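Asks: Have a look at this one before I ask anything.
Nothing in this text is a laboratory measurement; each read-out follows from the coordinates by a stated rule. Since this is a predicted model, take the numbers as computed values, not measurements. Quick reminder, even Gly has a Cβ in these numbers, built from the backbone with ideal geometry, and neighbours come from all protein chains shown.
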Amino acid sequence: MDNAYTMICTLTLATLLSGPAAVTAADRWQERMLFEPSVAQLELEQGRDRVMIYHGLTDGQVAQAMDRQFDRIEHMMFTGTVVTDAQGEAETDPGSGSVVVEDDGC
């Protein structure tokens, strides 16, 4: 299990450093961990009381997780959540052109 925990921490860090704009392998990995957790992931969450930090997901993905993964919410933290429009596209700040992210209070 320690190797799985190390992998989770490493990939989470890589995702945090990649930013919300580009879809990367780490983004797809986060989606799999969120919506299709492995037995090892569930063991880390439930058996070892671990929290997974998801960074740069869209507000739609977060809402979907809240609906579909409700029993795991206490093991989730969302940061850098990308604000989307009605079509699910990332909103951009008109002044800077940067992707708009929710204020997560951190």
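Asks: Over all distinct Cα pairs, what is the inverse of the mean 1/r for region 40-98, reported as the Kirkwood hydrodynamic radius in Å?
Replies: When all Cα pairs of region 40-98 are included, the Kirkwood radius is 12.9 Å.
Asks: If each residue of separation counts as 0.36 nm, what is the full-extension length gain between R32 and S96 once their alpha-carbon separation is subtracted?
Replies: Here the segment from R32 to S96 would lengthen by 19.9 nm.
Asks: Based on the Cβ-Cβ distance from D49 to E89, what FRET efficiency comes out when R0 is 30 Å, to the nearest 0.05?
Replies: With R0 = 30 Å, the Cβ-Cβ based efficiency is 0.25.
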